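Here is the structure we will look at.
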Amino acid sequence: MTDYDVIVVGAGHAGCEAGLAAARMGFKSLVLTVDLDNVALMPCNPAIGGPAKSHIVREIDALGGEMAKNIDKTCIQLRMLNTGKGPAVHALRAQADKKMYHLKMKETLEQEENLDLRQGMVEELIVEQDSVTGVRIKSGVEFKGKKVILTTGTFLKGEIIIGERRFNSGPHNQFPSNALSDHLKELGFELRRFKTGTPPRVDKRTIDFNQLKKQPSIDRPIAFSFTNQQIDNQLERRDCWMVYTNQQTHQVIMDNLERSPMHCGQIEGEGARYCPSIETKVDRFPDKDRHKVFVEPEGEYIYEMYLSGFSTCLPVDIQVEMLRTLDGFAEAEIIRPAYAIEYDSIDPTRLKPSLETKQIKNLYTAGQINGTSGYEEAAAQGLLAGINAVLDLKEEEPFILKRSDAYIGVLIDDLVTKGTEEPYRMLTSRAEYRLVLRQDNADLRLTSLGYQLGLISEKRFEKFTDKKEAIEEEMTRLKETTIYPKEEIQKQLEDLGSTKLKNKDNLGRLIKRPELDYESLAPLDSNRPDLSYDVQEEVEIQLKYEGYIKKQLKQIEKQRELEDKKISEEIDYHQIEGLRIEAREKLDQIRPLSIGQAARISGVSPADISVLTVYLEQLSRNEEE
Amino acid sequence: MYVTDTIAAISTAVGEGGIGIVRISGPEAIEIVEEIFVSKKEKSLVEVDSYTAHYGQIIDPRNQQIVDEVITLVMKAPKTYTTEDIVEIDCHGGPIVVQKILDVVLHSGARLADPGEFTKRAFLNGRIDLAQAEAIIDLIRSQTEVGLEVAIDQLEGGLSKKVDQIKQDIVSLLAHLEATIDFPEDEIEDFNPDQLGARINEAIKKTSDLLATSQRGKILKEGLEVAIIGKPNVGKSSLLNALLRERRAIVTEVPGTTRDVIEEVINIDGIPLKIIDTAGIRKTEDKVEKIGVEKSEQFLKRADLVLLVVDINQGITTEDRDLIKLIKDKKKVVVANKFDLDNNLNLDSLEELLPETPIVKTSAIENEGIDRLEDVISDLVFSGDIRASNQTLITNMRHKNALDRAHQRLLDVRETFEKRLPNDFITIDLRAALEAVGEVTGDTIGEDIIDQIFADFCLGK
């Protein structure tokens, strides 16, 4: 058997990115999957993006990951959310053709030079002296690998629950991974149960769409990947639909609540608050007389419609009964019932910020095994785990994004510093520097880093540099374009719903007026160059909100010192007299890499941080002497 | 150097002599003082030489009023104690003025220094040798733990509720805004602009009301702690009432009437005094009274000054002698009360028992001798004989500073709102305001906004 540099266990959204990143950085990689026909499977919603998630997708793209490109290839509907709430929270979301998404990703993996994609259920890790050296699959075959990345999703001891029924299963009735879960426990990992759920899939031929509200795709030249100016695939655009639940639906649910495993205590796994089942919503918010249900297409050759907002673990007969109370669903047939799934995951505070486990050297974990939910969150971790595995092989420092660099930085810092008590989903409100972590500037923030890692090609980097220069030049030009309070100008301003100039001014300042933007200023700007939409957008945002952005950059600057002050991994916290016992234990468990990270650990007080900084100084002076 | 912000603190003990020094250290130290200091010779502090002193006035930028005549000493980096720019403001006013100056400095952008922070910076920047590291850690530990842990307890019930209310207002406003951003497809009603404006103004009003009361002295009122002690029915409550010039404590002829500890604040020559009228300290079997007595003993330990009340009519009794033993290490004044009655007190023997202790004769009930008592207290404070234990003062200053910052951020929120910027921009300063309020309540923000989102709204799919 071939020896690999990096072995990735699982070919979901985390596994694909991990394998591709390692291979593209020049290291021989193997991606093992339970089922080759389910690479990059979307077992839940057929969509990529949305608030905070679209930000992550673009960050993955800027770092040379695959998710954005793959959704661009397979998108069948596109929407931009949150347009009125500020540029930092604009969120692109695409419906994917599920099968195409799988096929295109699989194709990408198969065509990758340094990558082998193989089918096999990993049952054991080969561990020598607390360091992993390979994996053993069900057939008994062993693969040697210098690094192993676990991306097991919901497979570990997966159990599907539908009403009173409960059976061992991975997502969508695939084989669950029981042996690996037991093996991890033997290796000393503390596993815990998390739970997630998915709504029913309904035969689209049995829905009367006339009674539903249509949600068409937007038609704008926009794409997820910075390498694409617009989405240019050959797939037919499809509509989404919306319908409300009603009193009847709620009645059916309330009458059968005791048959819900959630309510009768059958489910022990911790579920996520942002993914409530319909019975939870109805039960917890009795005042709401209706809830939204989105009806989403799953793709070209698929007759299933996904009922977003209607996830449940009630028995199948009740699922049918409640479904048929919806307008337009009187004759509806369920093709696949809704189900809840429980699975094992690890405590992410047992990971280093590089996503390597603290227990077993050379072993990394990414995705749902780390207690997250969402394709995008998984993909981001996969990418970073792949990068860090390779960097360690190259004996280089790990690649750790700061909270001020990227949502991915926020995600991983939250996981390894604070842990999570429920499946973790990224929210824009988790990012304290949201205004600078926009989806429009993900390339400006991260492309150079991706290039340094060797994940961005020369050609792409050149294009990126050109774009950056174009933005700078245009901003300077606008600031230097003086506008005089001439009669003609005053009239134009009034026509735009703005006020007259008192003195001469420049376009860089005028654009800050709430009622004006880059486009509307065109008549006042006779020397305007022909620029692409993304450059225009960037110039507008950076100038218009300059004051706020500067304020946030100042906060980041203040925090930077704390983030840059590194703490050695070997430090013995129990030796530091001035620390409270709780702080010693927490610091010892988390082992933060910087003072900034240490300060975010719950149970570590500002005074503890003061003591720690004094101690570190003491230590470094002692070493000097 | 780890954090490059600018810190400030009063570097003299409160009540020590007539001079107070406010010390400011950090990259913006000189700019901050420049903004509030008007030099007599119209010099700019940014341009003056290092280690030079300058005479002038401190002006409060909020109302353009003169706070005090001062001398500022400018020391420029790196040859200073902390190796950062340092400015010291020496003023001649009493403790109230020093606090006022610190307040102005904090309002202008400095942060109140943590305990031991100047020394910590000196160490981290290589000014102090290694041998002292342990001592610095001890300093941080001993002062901070007490400081932070008592911070919330020290807020009086009413104040703590008000701060909490402001915090709740901001959290629920933020949670609503964040919910509409993170869950755009759920049915959460967007604020209409009027509602949003009203909610912002409400939070601003609450904060500014609270700050206004603190300006009048509610927050900063606690200065020196003064305990009134004496055997039962010696006239302690009457004395307190006389000092307050109003009747509040219940006064009766029955010994042991004052069963609880009563706290009042008076102001003598600008020094805030927190006066504690203790239940008579004596051996008692009465349960309720016993609690009062125990409390009194605790307060006694803490007090910066003790007023021992004796009864001229009764003379010195065994009970008095016990009390004198109890307070032998304390700064004290003997109040010889009831001098309107027959004098059975041997002054010589009292002086022998309590050498170098001022004795003031009063008739609390007739309101006589009270002015003289006030003078004696004032003299003790200004001569530097009494030093406040400082902790409470600093805590209060910290709270006020935090509230002040919250208020400024809320004003920024309103400005953003009035400029009709999208909601995301409103959340930025709203978060900063919440962080500042959190410093008073001792909470850090983060997960609680997300918790609030899920508590208030039906979200997710």
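Observations on the model:
- Count of segment A:420-430 residues, restricted to those that are within 11 Å of chain B (Cβ to nearest Cβ) and either in a loop (DSSP other than H, G, I, E, B) or hydrophobic (A, V, I, L, M, F, W, C) (or both), is 6.
- Residue ID - farthest from the other protein chains (Cβ to nearest Cβ), chosen from residues in segment B:419-461 that are over 36 Å from the mean Cα position of the chain (by Cα), modelled with pLDDT under 85 and not in a helix (DSSP H, G or I): B:457
- Condition check for residue A:494: out of contact with any helix residue (DSSP H, G or I) (no Cβ under 9 Å at 6 or more places or on another chain), modelled with pLDDT of 95 or more and either within 23 Å of residue B:420 (Cβ to Cβ) or among the acidic types (Asp, Glu) (or both): no
- Of all residues in segment A:290-337, those satisfying the criterion of being without any contact (Cβ under 8 Å) to a residue 60 or more places away in the chain and among the hydrophobic types (A, V, I, L, M, F, W, C) are A:293, A:320.
- Residues in segment A:546-569 that are under 17 Å from residue A:613 (Cβ atoms) and surrounded by 14 or more Cβ atoms within 10 Å (Cβ to Cβ): 7 in all.
- Of residues in segment B:106-133 being part of a helix (DSSP H, G or I) and facing chain A (nearest Cβ under 9 Å), the one nearest to residue B:25 (Cα to Cα): B:117
- Evaluation of residue B:79 against (1) within 20 Å of the chain's Cα centre (by Cα); (2) closer than 26 Å to residue A:558 by Cβ (one fails), failing number: (1)
- Among the candidates B:84, B:47, the residue that is assigned to a loop (DSSP other than H, G, I, E, B), crowded, with 22+ Cβ neighbours inside 10 Å and either touching a Leu at 6+ places or on another chain (Cβ under 8 Å) or assigned by TED's automatic domain parsing to the domain that holds residue B:119 (or both) is uniquely B:84.
- If the condition is being modelled with pLDDT of 85 or more and polar (S, T, N, Q), then segment B:292-313 contributes only B:313.
The rows are residues; the columns are (1) surrounded by 24 or more Cβ atoms within 10 Å (Cβ to Cβ); (2) closer than 19 Å to residue A:63 by Cα.
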site: A:340; (1), (2): yes, no
site: A:346; (1), (2): no, no
site: A:350; (1), (2): no, no
site: A:355; (1), (2): yes, yes
site: A:358; (1), (2): no, no
site: A:361; (1), (2): no, no
site: A:369; (1), (2): yes, no
site: A:377; (1), (2): yes, yes
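- The set of residues from segment A:161-200 being of a type in the set (Lys, Arg) and outside any helix (DSSP H, G or I) comprises A:165, A:166, A:192, A:193, A:195.
- Boolean, residue A:41 is in contact (Cβ under 8 Å) with a residue 60 or more places away in the chain, under 23 Å from residue A:386 (Cα atoms) and more than 17 Å from the chain's Cα centre (by Cα): no
- Annotation: residue B:101 fulfils all but one of (1) out of contact with any Cys (no Cβ under 9 Å at 6 or more places or on another chain); (2) surrounded by 19 or more Cβ atoms within 10 Å (Cβ to Cβ); the unmet one is (1).
- When the test is whether a residue is under 16 Å from residue A:542 (Cα atoms) and either surrounded by fewer than 13 Cβ atoms within 10 Å (Cβ to Cβ) or not hydroxyl-bearing (Ser, Thr, Tyr) (or both), residue A:502 does not pass it.
- Inside segment A:379-408, residues that are in a helix (DSSP H, G or I), away from chain B (no Cβ under 14 Å) and buried (at least 22 other Cβ atoms within 10 Å of the Cβ) make up a count of 13.
- Filter pass, residue A:515 being under 30 Å from residue A:408 (Cα atoms) and not basic (Lys, Arg): no
- Residue check for residue A:526: within 14 Å of chain B (Cβ to nearest Cβ) and out of contact with any helix residue (DSSP H, G or I) (no Cβ under 6 Å at 6 or more places or on another chain): no
- Scan of segment A:273-300 for residues that are within 10 Å of chain B (Cβ to nearest Cβ), hydrophobic (A, V, I, L, M, F, W, C) and buried (at least 20 other Cβ atoms within 10 Å of the Cβ), ordered by number: A:275, A:278, A:282, A:293, A:294
- Selection status of residue B:103, farther than 21 Å from residue B:119 by Cα, acidic (Asp, Glu) and part of a helix (DSSP H, G or I): yes
- Some residue of segment A:344-366 being in contact with a Pro (Cβ under 9 Å, 6 or more places away or on another chain), modelled with pLDDT of 95 or more and in a helix (DSSP H, G or I): no
- Residue in segment B:368-375 that is under 30 Å from the mean Cα position of the chain (by Cα), modelled with pLDDT of 85 or more and within 14 Å of chain A (Cβ to nearest Cβ) present: no
- Restricting segment B:25-44 to residues that are more than 15 Å from residue B:100 (Cβ to Cβ) and assigned to a strand (DSSP E or B) leaves a set whose member that is farthest from the chain's Cα centre (by Cα) is B:39.
- Within segment A:1-111, strands (runs of 3 or more DSSP E) holding 3 or more residues that are in contact with a helix residue (DSSP H, G or I) (Cβ under 8 Å, 6 or more places away or on another chain): A:3-9, A:29-33, A:91-96
- Only listed residue being surrounded by 18 or more Cβ atoms within 10 Å (Cβ to Cβ), without any contact (Cβ under 8 Å) to a residue 40 or more places away in the chain and under 26 Å from the mean Cα position of the chain (by Cα), chosen from A:607, A:599, A:583: A:599
- Every residue from segment A:241-251 that is surrounded by 19 or more Cβ atoms within 10 Å (Cβ to Cβ) and farther than 22 Å from residue A:51 by Cβ: A:243, A:245, A:249, A:250
- Conditions (1) crowded, with 19+ Cβ neighbours inside 10 Å; (2) within 14 Å of chain B (Cβ to nearest Cβ); (3) closer than 30 Å to residue A:368 by Cα; (4) in contact with a Leu (Cβ under 8 Å, 6 or more places away or on another chain); number of the one not met by residue A:231: (2)
The values are calculated or read from the model by the stated rules, or taken from the named source; none is laboratory data. Treat the numbers as computed from the prediction; the structure is a model and nothing was measured. Heads up, the Cβs are rebuilt from the backbone with ideal geometry, glycines too, and the neighbour counts pull from every protein chain shown.
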